[in-house]
Structure formats: structure tokens, C-alpha cells
Amino acid sequence: MPEVAAAPEKAGKRMSNRTYLKELEKLEAELVHLQSWVIAKGLKVVLVFEGRDGAGKGGTIKAITGRVSPRVFRVVALPAPTEREKTQMYVQRYIPHFPAAGEVVIFDRSWYNRAGVERVMGFATDDQVQRFLRMAPLVERAMVDQNSIILLKYWLEVDMDEQTRRLQARITDPRKQWKLSPMDLKSYSRWYDYSRARDDMLRETDTAWAPWFVANSNDKKRVRLNIIRHMLNSIPYEVIKQEKITLPRRQKPGDYQEARLPLKYVPEAY
């Protein structure tokens, strides 16, 4: 399909909420068209989201999934591995979540944990990290070539000051406190360790068959739109003509009468 048009505001200033919602509505309609095409053609799509803490991965994923079916667009956010999973082949616990035909699987952090948090926080040895960096491109080639998976990998890049502002907000805003984990606090002080880990990861795993796409996420609204637009332009699809739908006539009540049940109702406080 033709490329989805870019948002009209200048990149130098924060996008207004009004503009954001207007542009998002257009992209949401295209995401529904993409969903219909994925189902009709049996496509298998994997979206990988990585980035520093507070980079906006969760908000971007919510923007993608807000108007589509969770049975088609599945979000995978795995917890820390169990003791049993630690003894498995590293990618083994991710493979069961790969898509079947007609599915889009979104990884909110992925197998690249090994190249990032596990490396920086000492949960993986240098040898394990290096073996992962050699193995990941081979696994991804098998995903793309042998299993016909469309694989898109996004790294959300936030600067130091903006990350601080967002993590501070998690401390003071009760709605966001659940997002702040002890691991976030530990990793916050290791900015340059994460920078080195990111650089090595991108250098070793940015391949022709599974390239990385880096997105500036200092403006949350803008990065959400940019990534959705890029995703739509990266997956060829067509708008499927829908059959005209009309609601059928309701049945007549016949001998039905409303039951008088001793029900407990939710108080109408609003």
C-alpha cells in the first residue's frame, strides 16, 4: 500500500495532544486494515521492543494494540527466568511464544535481555554474552528464512535528562510507581555500561535479514506515531474490502417477562 503520511508538526517541539490523537486515529485505522490482511494471508509477524528503562516501550506497545484484537496482536513480557529455565537453551523459553499464521507477537523486551540487563547487572558471564551475540543472528535468520516470520526490531533511545525526569515521575506519581523496580534503580547509575552493551548489541546483531531500527523517544507521542508508521510501511498489506453488514431483526419477546431477582447493583457514584 502507499506509505502512511508523516505527522505535520515540526520535530523540534513536543507534539500537542490534539495533534497526537488526530494522527493516532488515522494510524489505528491502518492497523486494523493490517490486522485483516495478517489474518487473511496467514502472516507471522514479530515485533521486538528494546531500550533503556523509561524509554517508552510500554506506551508505544499500548498505542499499537489499543484498537486491535489481543488474539491477533499478542504482547509477551516474560518475567525473570525460573531455576528450571536457567538450565535451558537460552532462547528456548521465547520460542513457544513465536507466532502462528495470522498472528502478530510483540515482545516487550526479548531474548536481547542477555545482551542488555543480564550483561550489565552480572546475570550472564562474558562468555554467555559473546555466545549469544554470535547465536542471535543465526536464530533470527532461521525465523525469517525458514519460518517466514516478518521480524522488526526497535531500539527506543532516550537521553539522560529525559530518562531521569521519567523515573522521577515514577517515584512521585502513584499511577506509575508499579513501573519502578529495584532493578531500575540499580541500573540507573550504570548509564555508560548500558551504552557499551547497546553498542555491542547493535554492532553484532544488526543484519540484513533482521536490522535494528533506532527511534528517538524523547517525545513519547512522536515516537509512538513514528514507530507505528514505520511498521505499517515495513509490512506490505492491502485494504481488504469488507462485506456490508446489517444487524438482524431482534426476536419477539413471546412469553418472556423480566425476572425479579434479588440482584446487587454497583452503586452509581458517577
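The values are calculated or read from the model by the stated rules, or taken from the named source; none is laboratory data. This structure is a prediction, so every number in the text was calculated from the model and none was measured. All Cβ positions, glycine included, derive from the backbone under ideal geometry; neighbour counts span all protein chains shown. With ligands, DNA and RNA removed, areas are computed over all heavy atoms of the protein, side chains included. Shrake-Rupley method; radii C 1.70, N 1.55, O 1.52, S 1.80 Å.
If we scan region 88-110, do we find a residue that is in contact (Cβ under 8 Å) with a residue 60 or more places away in the chain and either touching a Phe, Trp or Tyr at 6+ places or on another chain (Cβ under 6 Å) or open to solvent by 70 Å² or more (accessible area, probe 1.4 Å) (or both)? Yes. Being assigned to a helix (DSSP H, G or I) and of a type in the set (A, V, I, L, M) is a property that Leu261 lacks.
Among the residues of region 116-125, is there at least one that is free of Cβ contacts under 8 Å to residues at least 24 places away in the same chain and in contact with a Phe, Trp or Tyr (Cβ under 8 Å, 6 or more places away or on another chain)?
In the first step, residues of region 116-125 are kept if they are free of Cβ contacts under 8 Å to residues at least 24 places away in the same chain; the result is 118, 122-125.
Now restrict to residues that are in contact with a Phe, Trp or Tyr (Cβ under 8 Å, 6 or more places away or on another chain): 124.
Looking for residues that are free of Cβ contacts under 8 Å to residues at least 24 places away in the same chain and in contact with a Phe, Trp or Tyr (Cβ under 8 Å, 6 or more places away or on another chain), one finds at least one in region 116-125, hence yes.
Residues considered: Arg229, Arg198. Of these, the only one that is farther than 30 Å from Ala40 by Cα and at pLDDT 95 or above is Arg198.
Does Arg67 qualify as being at pLDDT 95 or above, surrounded by fewer than 13 Cβ atoms within 10 Å (Cβ to Cβ), under 23 Å from Arg224 (Cα atoms) and among the charged types (D, E, K, R)? Explain how you work it out, then say what you get.
Working: at pLDDT 95 or above: yes; surrounded by fewer than 13 Cβ atoms within 10 Å (Cβ to Cβ): no; under 23 Å from Arg224 (Cα atoms): yes; among the charged types (D, E, K, R): yes.
It is false that Arg67 is at pLDDT 95 or above, surrounded by fewer than 13 Cβ atoms within 10 Å (Cβ to Cβ), under 23 Å from Arg224 (Cα atoms) and among the charged types (D, E, K, R).
Based on what the data block shows, is Arg84 more than 20 Å from Glu140 (Cβ to Cβ), in a helix (DSSP H, G or I) and open to solvent by 50 Å² or more (accessible area, probe 1.4 Å)? Against the criterion (more than 20 Å from Glu140 (Cβ to Cβ), in a helix (DSSP H, G or I) and open to solvent by 50 Å² or more (accessible area, probe 1.4 Å)), Arg84 qualifies. Across region 197-238, the number of residues qualifying as of a type in the set (A, V, I, L, M, F, W, C), touching a Phe, Trp or Tyr at 6+ places or on another chain (Cβ under 9 Å) and in a helix (DSSP H, G or I) comes to 5.
Just one residue in the set Pro211, Pro174 is at pLDDT 95 or above and not basic (Lys, Arg); that residue is Pro211. Right, Arg141: within 29 Å of Met231 (Cα to Cα), open to solvent by 40 Å² or more (accessible area, probe 1.4 Å) and out of contact with any Asp or Glu (no Cβ under 7 Å at 6 or more places or on another chain) or not? Criteria met by Arg141.
For Gln242, the test of being among the polar types (S, T, N, Q), under 28 Å from Leu31 (Cα atoms) and more than 19 Å from the chain's Cα centre (by Cα) is passed. The residue list Leu34, Leu78 contains one member that is open to solvent by 30 Å² or more (accessible area, probe 1.4 Å), at pLDDT 95 or above and not β-branched (Val, Ile, Thr), which is Leu78.
Conditions tested, residue by residue: (1) part of a helix (DSSP H, G or I); (2) of a type in the set (A, V, I, L, M, F, W, C); (3) over 15 Å from Glu204 (Cβ atoms).
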position	(1), (2), (3)
Arg74	no, no, yes
Pro79	no, no, yes
Ala101	no, yes, yes
Val104	no, yes, yes
Tyr112	yes, no, no
Arg119	yes, no, no
Pro137	yes, no, no
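Of everything in region 175-196 that's in a helix (DSSP H, G or I) and farther than 16 Å from Met160 by Cα, which residue is least open to solvent (accessible area, probe 1.4 Å)? The selected residue is Met183.
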